[in-house]
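Worksheet for the structure shown next.
We did not get these values from a lab; they are worked out from the coordinates using the rules stated. Computed from a prediction, not measured in an experiment: that's the story for all the values here. When we count neighbours, we look across all protein chains shown, and the Cβ atoms used for this are built from the backbone with ideal geometry, even at glycine.
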Amino acid sequence: GGGGGGGGGGGDKKSERISKVFVGGLAPTVTDASMKEYFTKYGAVVEALVMMDPHTQRSRGFGFVTFESCDAVEDVMKTQDHSIDNKNVEIKKAFPKGTGPANARGGG
C-alpha cells in the first residue's frame, strides 16, 4: 500500500515564529524517543534529536525538538519547570543560525 503525500507549507511568516527549541541539561539516559514523548504533550513533534558525541556515541547532554506549530513552542516556554527522566532540563527557543555551510557534509 502506498502513502499519501504531505501538503506544502508557505507564506511569509515573520522570522520570530520559531517552531524549534533547544533542550539542555539532558540526563544521559534520554533518547530521541523519550524526548519526543515528553514534548508531544505540547503539540505535534516533527523531530526530536539528542546530540551524540561522534566518538563515544554518548549523549552530549543537549538536543533539539522541532514542532509542527510555533504555538507549541509558546506553550513550552510558558512552563517554567521541565524535567525528563527525573532531571530538570533547560529550554530555549532555537533561532536559526543563518544559512551557512553547516550542512555541507552529507550524513550516512
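A few comments on the model shown:
- Listed by chain and number, the aspartates and glutamates whose alpha-carbon sits under 15 Å from that of LYS97, ignoring those within fewer than 8 places in the same chain, are GLU16.
- The modelled label-to-label distance between ALA44 and PHE95, using points 7 Å beyond Cα along the C-beta direction, is 2.9 nm.
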